[in-house]
Amino acid sequence: MSSLLSERQKDELHRAMLSYLHSSGMQETYEALKRESETPDFEVDDPKARWVGLLEKKWTSVIRLQKKIMDLESRNAALLAELASPTRASASASSSSAPFLPRAPARHSLTSHRAPITRVAFHPTWTVLASASEDASVKIWDWEGGEFERTVKGHTKAVTDVEYSPKGTLMVTCSSDLTIKLWDPANEYNNTKTLHGHDHSVSTVRFTPDGEKLVSASRDKSIRIWEVASGYCVKTLTGHVEWVREVVPSEDGRWLLSSSSDQTSRLWDFASGESKMEFRGHEHVVECAVFAPTAAHAAIRELAGLQSTAADARAKTPGSYSATGSRDKTIKLWDTQSGQCLYTFNGHDNWIRALVFHPMGKHLLSASDDKTIKVWDLTNGRCVKTVDAHAHFVTCMTWGRAVIGGDASVQNGDPKANITTEPRRINVIATGSVDQTVKIWTP
């Protein structure tokens, strides 16, 4: 019977077994295996050899995966039972129509970083979360199980942003070391490109919706557009007179929205690079800016008292409305075409650090240095929930919508890909803090 392992794989397995037997004091078995496996050159004195401790690591991984399989099988059985019961199925459908909003306690509190968290990002298909930190590293987590997976190193100073490409084939980071780096998640997060061009700390970097370009902002007061394939900077946008804190593309990639220490936010035409609108009204640094999804347009128009008609094209036009958060402790909603401030949310006691719109379009979530997350009803402007999220400033927040089980789990390229379950869609929120923790919030 032919072996399933290549010669190289067999050699590594033998060496891992020899390392385990020697460390366990099984000297006779160790000598016998060494002789029969024909590895006389095996040395036990090299603690850095890749096979040292490998067998133990693989075994604990198997146990962890077995636990995941049991959990998934249990969930699958529950879902099948729910499908078989009309009463339970209808009850579940009615409860799922309610919007998911974060509530304490968090599902997981992830600890490993040695400095404040600067940004968090969900992989679009895997149950994976990346966290960037001032400790110059990015850490990768299995957010469903709350388990640490790996540390990604390459930057020499604080990592200020991290994001996955729309299809999850790449991860991008930027840093105070003036560089932007691209990483390959499918190949142990190897660094594939390093982009140079900014003259000061790079604050943020984002993929365009098609995944073909990157948009970055910097303390050098500029915004740059890069080609992912070549790594070349193809355009530089200037207009802000101070540090550009954040830049994000609209859903259709037509517009860019930026925020700056010059107390303004700007709308840019992506194709031409022209600044189309400047939003003034905040009285301090504008920390964050985000486009409202089209699902939120109806609620925003209701809040602002704007008349909607069946022929109103802007109700479905991406980039029509935006929100900004500032160190002046306020959040402002804007009409991006007229530059008019439609509404101001007041309630936080410290700087606003992050904003995300609920996918259902009825709520806006904000994170602040007052250590809380607030949920705002977009139809009336009221704060409907406050969550005490962290022990220190909440620096970042992101929204994820994941498919658990089914075909989505097959794309991770590891042993759990063989698990087949009914797909389960869930909403998830991640936050990061100066307290050096990442928290996961799920239904």
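The values are calculated or read from the model by the stated rules, or taken from the named source; none is laboratory data. Note that the structure is a prediction, hence the values are computed from the model and not measured. Virtual Cβ from ideal backbone geometry, glycine too; neighbours counted across all protein chains shown.
Residues that are under 24 Å from residue 329 (Cβ atoms) and within 27 Å of the chain's Cα centre (by Cα) within the stretch 263-283 comprise 263, 264, 265, 266, 267, listed in sequence order. Between 283, 251, 287, 242, the distinction of being exposed (fewer than 15 other Cβ atoms within 10 Å of the Cβ) and in contact (Cβ under 8 Å) with a residue 60 or more places away in the chain belongs to 251 only. Can you find a residue that is under 18 Å from residue 399 (Cβ atoms), at pLDDT below 95, in contact with a helix residue (DSSP H, G or I) (Cβ under 7 Å, 6 or more places away or on another chain) and in the same structural domain as residue 234 (by TED's automatic domain parsing) anywhere in the stretch 321-338? There is no residue in the stretch 321-338 that is under 18 Å from residue 399 (Cβ atoms), at pLDDT below 95, in contact with a helix residue (DSSP H, G or I) (Cβ under 7 Å, 6 or more places away or on another chain) and in the same structural domain as residue 234 (by TED's automatic domain parsing). Residues that are touching a helix residue (DSSP H, G or I) at 6+ places or on another chain (Cβ under 8 Å) and not in a loop (DSSP other than H, G, I, E, B) within the stretch 141-173 comprise 147, 164, 171, listed in sequence order.
Within the stretch 26-38, the set of residues being crowded, with 16+ Cβ neighbours inside 10 Å and in a loop (DSSP other than H, G, I, E, B) comprises 37 only. Taken over the stretch 354-390, residues that are part of a loop (DSSP other than H, G, I, E, B) and more than 21 Å from the chain's Cα centre (by Cα) amount to 7.
Filter the stretch 201-226 for residues that are assigned to a loop (DSSP other than H, G, I, E, B) and either closer than 19 Å to residue 250 by Cα or under 24 Å from the mean Cα position of the chain (by Cα) (or both) and give the result.
Within the stretch 201-226, 201, 208, 209, 210, 211, 212, 219 meet the criteria.
Looking across 248, 241, 228, one residue alone is of a type in the set (A, V, I, L, M, F, W, C) and either closer than 20 Å to residue 321 by Cβ or not assigned by TED's automatic domain parsing to the domain that holds residue 327 (or both). It is 248.
Is it the case that the stretch 227-236 has a residue that's assigned to a strand (DSSP E or B), buried (at least 19 other Cβ atoms within 10 Å of the Cβ) and among the hydrophobic types (A, V, I, L, M, F, W, C)? Checked against the condition, which is being assigned to a strand (DSSP E or B), buried (at least 19 other Cβ atoms within 10 Å of the Cβ) and among the hydrophobic types (A, V, I, L, M, F, W, C), the stretch 227-236 yields no hits at all.
A residue that is over 11 Å from the mean Cα position of the chain (by Cα), among the polar types (S, T, N, Q) and either part of a strand (DSSP E or B) or closer than 12 Å to residue 438 by Cβ (or both) occurs somewhere in the stretch 174-187.
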